[in-house]
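Here is the structure we will look at, set down as structure tokens.
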């Protein structure tokens with residue numbers, strides 16, 4: 001909510017800013033757009049499925065930037081500020097993707113006769129490795145001020161601090177995810193089966209269970225924001 | 001009108017939640033009806049500030065004053081009024 005004095009201040013600052021000349025940045029935008037279109041047409045000629053993935057990724061990044069969406073803030077803000085709007089948004093997004101992944105999986109799988117490796121999406125066995133890895137990642141993203149998507153979006157915006165984060169991020173991903181991946185896979189994942197709920201309780205109950213849990217979390221987050229005041 | 005003060009807070013190059021923590025500390029020291037001007041180049045901290053300020057009941061608005069630089073204006077509202 002704004003006030004008269006804030007409006008007056010806004011007008012004054014805008015007048016002051018008019019005096020300062022800023023350089024037109026739209027040529028950079030057009031150049032980038034042409035490069036993107038060039039890449040897409042090369043992918044089109046090669047009949048690669050990245051032809052769809054690449055523009056989709058760009059649109060996703062655009063949406064993240066414009067909406068100022070931040071996964072880090074969604075997890076951090078409830079504890080540091082007592083605000084849960086972003087957390088609620090993330091839970092809603094999970095509910096929507098639950099429904100669509102349900103439709104996708106039911107349509108692609110031969111129900112009653114499929115392997116877990118055939119399920120669309122990445123299913124991995126859970127265990128203490130999930131908890132420890134998640135906690136490490138959580139601490140890291142709060143200190144760095146962004147998770148994977150958030151860091152990329154902010155580097156794209158020109159936020160200099162996070163360029164350092166991006167470099168460390170690439171180094172870590174290369175080290176653990178590429179060079180030493182087999183070590184992590186053999187020590188923590190190998191030999192265990194991923195849990196796929198529809199295999200245990202059926203497709204419809206699994207969908208309803210997941211939506212119920214997410215719905216409860218959503219309600220809990222709303223209540224938490226009302227009660228907590230920092 | 002005579003007693004109203006304008007405070008300026010430079011939050012350039014700082015990632016969230018630092019701008020908001022700085023603002024909350026500054027607001028505590030300010031009197032009701034004082035104005036706080038925050039300058040930031042961190043897009044996401046705007047969302048955080050809006051939600052937090054709304055919850056606290058202060059008045060606020062923001063504009064983009066340069067390329068990727070924003071100013072957030074907060075008018076402190078006395079919670080005991």
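The values are calculated or read from the model by the stated rules, or taken from the named source; none is laboratory data. Since the model is a prediction, treat every value here as computed from it, not as a measurement. No Cβ is skipped: glycine too gets one built from the backbone with ideal geometry, and neighbour counts run over all protein chains shown.
Taken over the range A:1-25, the criterion of being surrounded by 10 or more Cβ atoms within 10 Å (Cβ to Cβ), more than 7 Å from chain B (Cβ to nearest Cβ) and at pLDDT below 85 is satisfied by A:16 alone. Across the range A:121-143, not a single residue is classified as crowded, with 17+ Cβ neighbours inside 10 Å, within 30 Å of residue A:187 (Cα to Cα) and out of contact with any helix residue (DSSP H, G or I) (no Cβ under 6 Å at 6 or more places or on another chain). Restricting attention to the range A:50-76, the residues that are touching a helix residue (DSSP H, G or I) at 6+ places or on another chain (Cβ under 7 Å), within 14 Å of chain B (Cβ to nearest Cβ) and surrounded by fewer than 16 Cβ atoms within 10 Å (Cβ to Cβ) add up to 1. On the given criteria, is residue B:37 closer than 30 Å to residue A:75 by Cβ, at the interface with chain A (Cβ under 8 Å from one of its Cβ atoms) and assigned to a strand (DSSP E or B)? Yes, satisfied.
All conditions in (1) outside any loop (DSSP other than H, G, I, E, B); (2) surrounded by fewer than 11 Cβ atoms within 10 Å (Cβ to Cβ) hold for residue A:151, with the sole exception of (2).
Determine whether residue A:177 is without any contact (Cβ under 8 Å) to a residue 24 or more places away in the chain, over 20 Å from residue A:71 (Cα atoms) and not in a helix (DSSP H, G or I). Judged against the criteria, residue A:177 is not a match.
For the range A:3-54, taking the residues that are in contact with a strand residue (DSSP E or B) (Cβ under 7 Å, 6 or more places away or on another chain) and not in a helix (DSSP H, G or I), the one that is nearest to residue B:8 (Cα to Cα) is identified as A:3. The criterion of being within 18 Å of residue A:69 (Cα to Cα), more than 10 Å from chain A (Cβ to nearest Cβ) and surrounded by 19 or more Cβ atoms within 10 Å (Cβ to Cβ) holds for residue B:70. Do we find a residue being within 30 Å of residue B:62 (Cα to Cα), within 14 Å of another protein chain (Cβ to nearest Cβ) and in contact (Cβ under 8 Å) with a residue 12 or more places away in the chain anywhere in the range A:26-49? Checked against the condition, which is being within 30 Å of residue B:62 (Cα to Cα), within 14 Å of another protein chain (Cβ to nearest Cβ) and in contact (Cβ under 8 Å) with a residue 12 or more places away in the chain, the range A:26-49 yields no hits at all.
The single condition among (1) farther than 28 Å from residue A:101 by Cα; (2) more than 14 Å from every other protein chain (Cβ to nearest Cβ); (3) outside any helix (DSSP H, G or I) that residue A:159 does not meet is (2).
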